[in-house]
Amino acid sequence: MSKVALVTGSAIGIGRAIVIELAKAGYDVVINYHTSKDKAYELEREIKQYNVKSLVIQCDVSSEKEVDLMFNQIEESLGGVDVLVNNAAIDCPSIFSEKKLETFKRTLDVNLLGSYITARRAYNHMMDAKWGRIINISSTNGMNTYYPMGIEYDTSKAALNALTHNLAIQFAPYATVNAIAPGFIGTENELKDYDEEFMNMELDKIMAHRFGDPKEVAYLVKFLASDEASYINNSIIRIDGGQYSSC
């Protein structure tokens, strides 16, 4: 029986690449979206070629009620979630003097609490199955690369790293819990709003002197989800081309 992978926030960007790689590897996949409905169903059509089962579910991961309904649907249609990839995230950069408390709270709700809610909902199935994988998509912004305009995002990712360590203890010994911390990944949203000067400045901070491809993050997710990665646990793994500089 195929394992079931839920990738939150997976209609576009890194999440989309993760769904494709997991489908290629034979996982039945759940595409979760909040607002990108057309992109989500377009992705489902694309992965049909891999002959895996799929579901597309709209859900705000910060809502416990909506997450519960999503998991109920997954369990009824595919069985429990074996691989949970917490990818859903928002980023609302602005100068400090213009920031609003509501935006800060919303960022924490999606980026941090959403991962907690989904992990808690996946817990019983993974314990019953005595097997599971949780992979949180963090960021180098939660480690030692900071952008004051994204203080909410950076804070949420640092907290997600702490959550990862605590969940690893809670889910042991049956399920592994790790986080991946991408650096500058060239998704459509990541590249669209920056000028050439900024892009060149960021390239100079990366030893590989290029931006990452979403597929490269997806390859790492696929490995961590596999049996070959069963001894990797409680880790925050950077994938950033050798990024340096703290701001």
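Bear in mind these aren't lab numbers, they're just calculated from the coordinates by the rules spelled out. Note that the structure is predicted; figures quoted are calculated from it, not measured. Methodologically, a virtual Cβ is constructed for each residue, glycine included, from the backbone with ideal geometry; neighbour enumeration extends over all protein chains shown.
Please order L69, L6, L160 by the number of other Cβ within 10 Å, starting at the fewest. List each step's numbers first, then the result.
On the way: L69 13, L6 31, L160 25.
Listed from fewest to most nearby Cβ atoms, that is L69, L160, L6.
What stretch of the chain, leaving out the sites themselves, is the longest with no trypsin sites (Lys or Arg not before Pro) in a DSSP loop having at most 13 other Cβ atoms within 10 Å?
Longest run free of exposed loop sites: 1-99.
What translational diffusion coefficient, in µm²/s and rounded to a whole number, does the Stokes-Einstein relation yield for the range 88-144 at 37 °C and a viscosity of 0.692 mPa s, taking the hydrodynamic radius as the Kirkwood radius over Cα pairs?
Translational D for this selection: 243 µm²/s.
I want to verify a result. In a Gaussian network model of the chain, Cα cutoff 10 Å, which of these has the top mean-square fluctuation: Y147, Y231, Y219?
Y231
What whole number of Å gives the distance from the Cα centroid of the range 120-140 to the Cα centroid of the range 1-74?
A separation of 16 Å, based on Cα centres.
Is there a quick way to get the dipole size of the range 4-239? I mean about its Cα centre, with the Cβ of Lys and Arg at +1 and of Asp and Glu at -1; what is the value in debye to the nearest 20?
With only Lys, Arg, Asp and Glu charged at Cβ, the dipole is about 480 debye.
So, how do all the Cα-to-Cα distances of the range 4-239 break down into 5 Å bins, in percent, from 0 on up?
1, 7, 14, 19, 21, 17, 11, 6, 3, 1, 0
Just subtract the alpha-carbon distance of E102 and W131 from 0.36 nm times their residue separation and send over the number in nm, one decimal.
Gain in length upon complete extension: 6.6 nm.
Order of S115, S2 from fewest to most other C-beta atoms within 10 Å?
If I rank by nearby Cβ atoms, fewest first, I get S2, S115.
Which FRET efficiency, nearest 0.05, do Y50 and I95 yield, Cβ-Cβ r, R0 51 Å?
Numbers: r = 45 Å, r/R0 = 0.87.
With R0 = 51 Å, the Cβ-Cβ based efficiency is 0.70.
If each DSSP helix of 4+ residues adds -39,500 (n - 2.57) and the sum is divided by the residues in the chain, what number results at 222 nm, nearest 500 deg cm²/dmol?
It lands at -13500 deg cm²/dmol.
Just check the range 155-223 against the gyration tensor rule for me: Cα atoms, a ≥ b ≥ c as the square roots of the eigenvalues, rounded for a/c under 1.5, and otherwise prolate or oblate depending on whether a/b exceeds b/c.
Numbers: a/c = 2.99, a/b = 2.19, b/c = 1.36.
Cα axes put the range 155-223 in the prolate bin.
Give the order of M199, M126 when sorted by the count of other beta carbons within 10 angstrom, beginning with the fewest.
Taking fewest neighbouring Cβ atoms as first place, the list is M199, M126.
In the chain, which helices (entire DSSP H runs) extend 15 Å or more along their own long axis, judged by Cα positions, while averaging at least -0.5 on the Kyte-Doolittle scale?
Helices meeting the criterion: 13-24, 151-171, 214-225.
So what is the relative contact order of the chain, in percent, for Cα pairs below 8 Å that sit 6 or more residues apart?
Contact order relative to length: 20 percent.
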